[in-house]
1. Which one of these is at pLDDT below 95 and either closer than 26 Å to Gly55 by Cβ or not acidic (Asp, Glu) (or both): Ser102, Ser93, Ser130?
2. Is it the case, given these coordinates, that Leu80 is in a helix (DSSP H, G or I), of a type outside the set (Gly, Ala, Ser), buried (at least 18 other Cβ atoms within 10 Å of the Cβ) and touching a strand residue (DSSP E or B) at 6+ places or on another chain (Cβ under 8 Å)?
3. Where the second residue is crowded, with 16+ Cβ neighbours inside 10 Å and of a type in the set (D, E, K, R) and the first is closer than 19 Å to Thr187 by Cβ and in contact (Cβ under 8 Å) with a residue 60 or more places away in the chain and lies in the stretch 17-34, which pairs have Cβ atoms under 8 Å and are six or more apart or on separate chains?
4. With the requirement that a residue be over 21 Å from the mean Cα position of the chain (by Cα), of a type outside the set (S, T, N, Q) and surrounded by fewer than 20 Cβ atoms within 10 Å (Cβ to Cβ), what does the stretch 175-191 give you?
5. Given (1) assigned to a helix (DSSP H, G or I); (2) closer than 30 Å to Val194 by Cα, where does Leu69 come up short, assuming only one miss?
6. Inspect all residues belonging to the stretch 50-66 and state whether any of them is assigned to a helix (DSSP H, G or I) and either within 16 Å of the chain's Cα centre (by Cα) or crowded, with 20+ Cβ neighbours inside 10 Å (or both).
7. Within the group Arg181, Arg118, Arg174, which residue is in contact with a Ser or Thr (Cβ under 9 Å, 6 or more places away or on another chain) and assigned to a helix (DSSP H, G or I)?
8. Working only within the stretch 175-196, note down all residues that are free of Cβ contacts under 8 Å to residues at least 40 places away in the same chain and among the hydroxyl-bearing types (Ser, Thr, Tyr).
Amino acid sequence: MGDWGLYLLFLIPPLVIGLAVQAWLKRTFSHYSQVRLASGLTGADVARHILDRNGLDNVPVQRAQGGPLSDYFDPRSRSLHLSQPVYEPPTVSAAAVAAHESGHALQLAAGYGPLRLRSAMFPVVAFASSAWIWLLLIGALLNALNLVAVALVLYAVAVLFHIVTLPVEFNASRRAGAQVRELGLVTAGEYEGVQKVLRAAALTYVAGALAALSQLLYYLIVFFGNRG
């Protein structure tokens with residue numbers, strides 16, 4: 001199989017899957033952004049309720065500076081950051097995302113292993129993610145397979161980070177679903193919408209991990225597949 005065949009086999013399907021999953025997430029988030037919570041709780045309110053009821057009243061809930069779906073929990077500053085479409089609106093989508101990010105705060109408080117591993121990997125991954133492609137290009141231009149190997153080892157670290165992220169995100173979603181149900185923050189009908197938003201968001205991480213792994217396999221086969 002030639003390079004174009006490998007490209008079509010390893011890179012195009014994950015790209016298509018990733019685009020489809022992103023489109024599904026945007027549609028799902030948009031749909032449930034039009035469904036208001038009967039309680040009138042905003043995303044920030046939902047996060048605050050979950051954090052306070054779990055003894056995390058010292059974790060601030062702040063506005064994120066990015067656009068839609070730029071929400072995150074920072075384990076270093078122990079702070080939760082919600083985007084505008086999540087922070088203020090009293091909608092099912094806002095409740096789902098706010099609860100999910102609160103789930104990461106609960107993970108940190110509980111000493112959840114995969115989250116601790118991901119946090120420990122982050123400095124190395126930040127370097128590897130920016131350095132590997134340059135090493136790969138230089139190695140390919142100079143026909144220096146040792147340099148290519150180093151580049152792919154670095155990229156493998158980034159791929160491993162994607163894989164470690166999967167249980168972290170799925171666990172945060174499970175915690176989120178349990179919290180909004182047990183604390184009575186949503187009705188039974190609203191809970192179904194929360195679960196749909198959480199599932200759509202979780203699949204984006206699966207698609208990202210699949211794309212990263214497929215790209216790693218592609219480069220390994222291209223550069224080292226025909227060596228005896």
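1. On inspection, the qualifying residue turns out to be Ser130.
2. Spelling it out, it is not the case that Leu80 is in a helix (DSSP H, G or I), of a type outside the set (Gly, Ala, Ser), buried (at least 18 other Cβ atoms within 10 Å of the Cβ) and touching a strand residue (DSSP E or B) at 6+ places or on another chain (Cβ under 8 Å).
3. What qualifies is Thr28/Lys196; Tyr32/Lys196.
4. Those that are over 21 Å from the mean Cα position of the chain (by Cα), of a type outside the set (S, T, N, Q) and surrounded by fewer than 20 Cβ atoms within 10 Å (Cβ to Cβ): Arg181, Glu182, Leu183, Gly184, Ala188, Gly189, Tyr191.
5. For Leu69, the failing item is (1).
6. Yes, some residue in the stretch 50-66 is assigned to a helix (DSSP H, G or I) and either within 16 Å of the chain's Cα centre (by Cα) or crowded, with 20+ Cβ neighbours inside 10 Å (or both).
7. Arg118
8. Matches in the stretch 175-196: Tyr191 only.
The values are calculated or read from the model by the stated rules, or taken from the named source; none is laboratory data. The model shown is predicted, which means the values in this text are computed figures rather than measured ones. As a convention, Cβ positions derive from the backbone with ideal geometry for all residues, glycine included, and neighbour counts pool all protein chains shown.
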